[in-house]
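To start, the structure under review is shown below, and the notes come after it.
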Amino acid sequence: MSTTSSRRGFLTTLAGAAAVLAPSRRASAEPPAVHRWGMVIDLDRCTGCQACAVACRAENNVPDAGPTNTSKGRSIFWMNLLTVSEGEYPVLRQQFFPAPCNHCEDPPCIKVCPVGATTRSSEGIIQQVPERCIGCRLCEVSCPYTRRYFNWSHPEWPEEEREHLNPDVTPRSHGVIEKCLFCHHRIRAAKTAAQADGRSLKDAELRKLPACAQSCPAEAIVFGDLNDPESEVRRLSESPRAFRLLEELGTRPKVFYLREAKWQE
Amino acid sequence: MRELSRREVLGALTALGAGAAAGCGSGLEAGDFEIPPGWRAGEERSIPTTCGQCPAGCGIKVRVFEGRAVKIEGNPAHPINAGGIGPKGQAGLQLLYHPDRIRGPQLRNGPRGSGRWTQITWDSAIERLAAELGALRRAGHPEGLVLIDGEPRGVVPRLWDRFLRAYGSPNHVTHASTSEGARALAMRWMQGSTELPAYDWENTGYVLGFGVGLFDSWCQTIHMSRASGALRRGKPGQRAKFVHVASRFSVTAAKADEWIPIEPGADGALALALAHVLVRDGLYDRAFVEAHTFGFEDFRDEHGVAHAGFRTVIAEFAPEKVSRTTGVAADRIVRIAHEMGAHPPVIALGDGSACGATNGLGTAMAIHALNALLGSVERTGGVLTERRVLASWPPGELDGVARAGLAAPAVDGRDTARCALGNGAIQSVPDAILSGRPYPVKALLLYRSNPAFSKPEGRKWREALGAVPFIVSFSPLPDESTAWADLVLPDHTYLERSEVVEPAPSSGLPLIGLRQPVVAPRRRGMATGDVVVRLARAMGAPTAAVFPWPDYAAAVGALPQSLASKDGTPRVVSALLPAMHETGTASGERSFEQWDTAFATPSGRFEFYSQGIRARLGAVFADDDALNRHLVAEGVRDRGDRLCLPRWEPPRFAGDAAAFPFVLAPYRGINYAEGGVRHLPWLRELPAAGLLAWEETIDMNPDDARHLGLAQGERAWLESPVGRRRVCVRIAPGMRPGMVGMPLGHGPWPPRPEDPDIAGGHGLLAALSDPLSGLHAHQGTRARVRKEEA
């Protein structure tokens, strides 16, 4: 692939940068954020199909790792499926955790970044600015959830496959960190559409807004505004089944899981 | 400067406030794409169509930006998937834009397998095909034409059927004996239905699945995923139980409420033991059994001859007796039976590994018998017959050549002893080709089929392909069988086709889906439906006469359908199309307790004792002696009435247990799309595949691996009686000791047809069959694992 930026590539790159920069610049000047984005993943509904992981790759132009990078553990999955297994045959248990960035309220990754490449937006999204990132990977090792990925290669697609790249999202270059952004570009588009109609965002249009939630056949992933007391995500996050990963670390993730339940006679 | 303005528009859509990061771009070129005619700069459409990566028929909406398909999403208005979509469906983009797609029709111009091709025009390709097939017919041997058709249902199989009948070939060979044949045959012999059943998941109280990878891969994985969410969390305080019976601890086992590990091939014994307890303890639905079934009790036929009934069969399957065979404790069998009795409606279904031994048909019938015992058949929350929408065109006249050709036996042995109760056995085709019996195969058409990769005994298939004088492949991608073709006529992918789709039965809603092109067809392909119509017309009178349509679209439009229509609208597909272009689907109403259509059996009831089987055995075998000789030769224990009833006997395996100590457990993962996994990187790289995602792997129990000195990721040779393959070991605690798990459909890409060891797993399986149905015993091959010398 050529390293010369076409105008389109250049402009969409800027678009990506603007998207993550703009909210944080405004943050101090504006009143407290209206929205606080969060997600609930119901492990009782999830069937481990990994549609969410493919949807995320397709939506966010994450390149295939290929054989070599895969074998070295360098595949990038903004939305991953973590598997926890225990036991010996025939007493076995296996659990699947669809795992996006937890978008912590108090994220370790921001504290360690020496160049301010990762920041928290006023609406709680942990952002990553590829143009600032120096690829030191401190954030990657500081994240207790392993939700940050380093780009070990220049992103490449066969000529034909470049046709299906999402025009709304810029691929990240070699040598920087990338991660789940809660499909920030979709949130932005939804806001623009609501503004054009002169209305506020509705919970119904947010529940399946990120690509992962939209794809989920089991409707296990619910997205929305945790600040909205009427929202589905808020209601589910307060369920007795709700928990967060490594809660004891005090990172206060905004991704909640709902525990698997048991059949009872 | 049109290009510039387009990009400015694009940039303006998204790049508000740009400037800060100037010069720090990622150095990526988004591509320099022409906007195709009919599209404006920045224009975006969402086009409803139907997925084609598996037979489920999920509704999709493809996001198309400036004429390029950039995302596949579920169609929220579609009754099957309601907006959800699996990994396979999304990977359709990688199929559509696959860099290795074949560029237009190709004529071989070197030795077979040399990979030397000449590009030709579609006109000359069809002319060539018509000339070859015309010559074969004129020589008086239309039966020498064989079609292998890998599309399980739909319009193109109907077109092929029509073509082959008019042409005079009985050889419309399907994949049925190697896929979901057992469940379909149980429906055929017990209910007289020719299709798989549908299930009312939303209203069921208890699901007992035998060997079915409901969350791994079966014909309705996405529908099932959605249904299971509803079963568990849809109604507050109510939760249906899902019990999974299988040897291997799969994703489905992990997600089940209870997993019952079982000895391979013993599922039928467990089903009969459950029936035993249900009857013994009076837990079955007596009213249903009396009103709607035949052959539960012993009975006398119209000649006064006494016959055994189901009750007599299950008397021998007390839980205490089968616990050793199945590896399931007797008290557990009793508990499960009692749970089933207490939580109606119950769905029992068996397929995949449960019906993949040499006792497959008897097992499938034993499992389906539970549905009748519990009164689930045709009931809310139970098992329904398929509510079919599409019929076929009225049959045409046949000439003398066609009648003579159709009278010949088929090469898949469908009317012989080995397939007496089945619909043919594709795994027997290589022997027929190589032996020239019942007659030489002169021409082979491969439609959505790559038998050298995806059928048992891959080496023999390759040898057989080499022995056929003329082979045509319709594959849009190169593959192991296409490499041996003389003529390649690349099909459209499903994202470029225009047709209606008949999904695999799901919840019993009568439904068809629309497929419409989301982008202009690529790589000079042609929909095979159009090729069949053009071929039939090019060949003149006998075939042209039954193909009055100018093209595939007209044939689709003329197809009779059963959905209610407004007054005066003819009941053909074309009447539904205008609305379907908006919604992507057309459906009717759900219905239950359709007693008059549910049982197309001689008794008009659900038949525990299948009179159809009895009649069929009488027709295929000259007398009881001939039948018994066949049973002795095949090692079948049961005789007489027992063959007509749900039954179980121990499975047989290919390969000597001393030389091949492991039993192979082939399986399809969630990523098994049409053609396998290997051609689509998004499916190869699913996160759960981990570091070995690109390898051909086998799953081994940790103890078994340790005994062989094998560790995770190490190389080994997997050897079966019919082939071998260099594989990579994955340590899997969920693998039953003594079994080796083999995920199917993997291998190098591009394919290596010259490799003497067949990739993908299927080719290592022996062509062992259920001796009366011809169902392939895909779980019946033994194997050994040998550590690769350093």
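The values are calculated or read from the model by the stated rules, or taken from the named source; none is laboratory data. Here the structure is a predicted model, which is why all the values come from computation and not from measurement. Because the Cβ atoms are built from the backbone with ideal geometry, glycine has one as well, and the counts that use them run over all protein chains shown. Note: accessible area is taken over every heavy atom of the protein model, side chains too, but ligands, DNA and RNA are not part of it. Shrake-Rupley method; radii C 1.70, N 1.55, O 1.52, S 1.80 Å.
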Single match in B:Val70, B:Val146, B:Val64 (criterion: away from chain A (no Cβ under 14 Å), of a type outside the set (Asp, Glu) and in a strand (DSSP E or B)): B:Val146
Those residues of segment B:77-123 which are free of Cβ contacts under 8 Å to residues at least 12 places away in the same chain and either among the polar types (S, T, N, Q) or touching a Gly at 6+ places or on another chain (Cβ under 9 Å) (or both), in sequence order: B:Gly83, B:Asn109, B:Ser114, B:Arg116
Identify the single condition in (1) out of contact with any Asp or Glu (no Cβ under 7 Å at 6 or more places or on another chain); (2) more than 14 Å from every other protein chain (Cβ to nearest Cβ); (3) surrounded by 20 or more Cβ atoms within 10 Å (Cβ to Cβ) that B:Leu390 does not satisfy, given that it satisfies every other one. (1)
In segment B:260-275, is there at least one residue being in a strand (DSSP E or B) and within 28 Å of B:Asp699 (Cα to Cα)? yes
Tell me, yes or no, whether segment B:628-642 has at least one residue that is touching a Pro at 6+ places or on another chain (Cβ under 9 Å), within 12 Å of chain A (Cβ to nearest Cβ) and crowded, with 20+ Cβ neighbours inside 10 Å. no
I need a count of the residues in segment B:60-73 that are more than 13 Å from B:Gly92 (Cβ to Cβ), in contact (Cβ under 8 Å) with a residue 40 or more places away in the chain and surrounded by 22 or more Cβ atoms within 10 Å (Cβ to Cβ). 1
Single condition A:Ala190 does not satisfy, out of (1) in contact with a Leu (Cβ under 7 Å, 6 or more places away or on another chain); (2) in a loop (DSSP other than H, G, I, E, B): (2)
Taking the residues in segment B:524-557 that are of a type in the set (Phe, Trp, Tyr) and open to solvent by less than 10 Å² (accessible area, probe 1.4 Å) as candidates, determine which candidate is farthest from B:Ile512 (Cα to Cα). B:Phe547
Hey, any hits in segment B:729-744 for a residue that's open to solvent by less than 40 Å² (accessible area, probe 1.4 Å), touching a strand residue (DSSP E or B) at 6+ places or on another chain (Cβ under 6 Å), among the aliphatic types (A, V, I, L, M) and under 17 Å from B:Lys455 (Cβ atoms)? yes
When segment B:74-88 is examined, which residues are found to be within 23 Å of the chain's Cα centre (by Cα), open to solvent by 10 Å² or more (accessible area, probe 1.4 Å) and facing chain A (nearest Cβ under 9 Å)? B:Ala82, B:Lys88
Taking the stated definitions as given, is A:Gly87 more than 23 Å from B:Val70 (Cβ to Cβ) and either touching a helix residue (DSSP H, G or I) at 6+ places or on another chain (Cβ under 8 Å) or part of a loop (DSSP other than H, G, I, E, B) (or both)? no
In segment B:530-540, is there at least one residue being aliphatic (A, V, I, L, M), in contact (Cβ under 8 Å) with a residue 40 or more places away in the chain and more than 30 Å from B:Leu129 (Cα to Cα)? no
Consider A:Arg235 carefully, then state whether it is within 22 Å of the chain's Cα centre (by Cα) and outside any loop (DSSP other than H, G, I, E, B). yes
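Every residue, every condition in (1) modelled with pLDDT under 95; (2) assigned to a helix (DSSP H, G or I), yes or no:
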{"site": "A:Leu14", "(1), (2)": "yes, yes"}
{"site": "A:Cys56", "(1), (2)": "no, yes"}
{"site": "A:Asp64", "(1), (2)": "no, no"}
{"site": "A:Gln95", "(1), (2)": "no, no"}
{"site": "A:Pro98", "(1), (2)": "no, no"}
{"site": "A:Cys101", "(1), (2)": "no, no"}
Go through (1) open to solvent by 10 Å² or more (accessible area, probe 1.4 Å); (2) farther than 16 Å from B:Asn171 by Cβ for B:Phe453 and report which single condition fails. (1)
Hey, can you tell me all the residues within segment A:73-89 that are facing chain B (nearest Cβ under 8 Å) and open to solvent by 70 Å² or more (accessible area, probe 1.4 Å)? A:Ser85, A:Glu88
Checking B:Val488 against (1) within 25 Å of the chain's Cα centre (by Cα); (2) more than 23 Å from B:Gly760 (Cα to Cα): exactly one of these is not met. Which one? (2)
Please go through segment B:149-173 and give me each residue that is in a helix (DSSP H, G or I), in contact with a strand residue (DSSP E or B) (Cβ under 6 Å, 6 or more places away or on another chain) and open to solvent by less than 30 Å² (accessible area, probe 1.4 Å), ordered by number. B:Val155, B:Pro157, B:Trp160, B:Leu164
Taking the condition within 27 Å of the chain's Cα centre (by Cα) and outside the structural domain of B:Ala732 (by TED's automatic domain parsing), does B:Arg639 pass? no
Looking only at segment A:131-172, count how many residues are open to solvent by 40 Å² or more (accessible area, probe 1.4 Å), within 19 Å of A:Phe77 (Cβ to Cβ) and not hydroxyl-bearing (Ser, Thr, Tyr). 7
Does segment B:600-612 include one or more residues that are touching a residue at least 40 places away in the same chain (Cβ under 8 Å), assigned to a helix (DSSP H, G or I) and either at negative phi or open to solvent by 20 Å² or more (accessible area, probe 1.4 Å) (or both)? yes
Of (1) surrounded by 24 or more Cβ atoms within 10 Å (Cβ to Cβ); (2) within 21 Å of A:Val91 (Cα to Cα), B:Met190 satisfies all except one. Which? (2)
I'd like to check something: does segment B:286-308 contain any residue that is of a type in the set (Phe, Trp, Tyr), open to solvent by 40 Å² or more (accessible area, probe 1.4 Å), under 29 Å from B:Gly508 (Cα atoms) and not in a loop (DSSP other than H, G, I, E, B)? yes
How many residues, within segment B:707-721, are assigned to a loop (DSSP other than H, G, I, E, B) and buried (at least 21 other Cβ atoms within 10 Å of the Cβ)? 1
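Conditions (1) of a type in the set (Val, Ile, Thr); (2) more than 11 Å from chain B (Cβ to nearest Cβ), marked per residue:
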position: A:Lys202; (1), (2): no, yes
position: A:Pro210; (1), (2): no, yes
position: A:Val233; (1), (2): yes, yes
position: A:Ser237; (1), (2): no, yes
position: A:Arg241; (1), (2): no, no
Among what's in segment A:135-181 and is within 13 Å of A:Arg57 (Cβ to Cβ) and not in a loop (DSSP other than H, G, I, E, B), pick the residue that is farthest from the other protein chains (Cβ to nearest Cβ). A:Tyr149
Options B:Glu302, B:Glu290, B:Glu316, B:Glu320; residue that is over 16 Å from B:His244 (Cα atoms) and at pLDDT below 95: B:Glu302
Six or more apart or on different chains, Cβ under 8 Å: which pairs go from a residue in segment A:43-59 that's more than 7 Å from chain B (Cβ to nearest Cβ) to one that's open to solvent by 10 Å² or more (accessible area, probe 1.4 Å) and charged (D, E, K, R)? Could you list them? A:Leu43/A:Arg259; A:Leu43/A:Glu260
Considering only segment B:644-688, how many residues are part of a helix (DSSP H, G or I) and touching a Leu at 6+ places or on another chain (Cβ under 9 Å)? 4
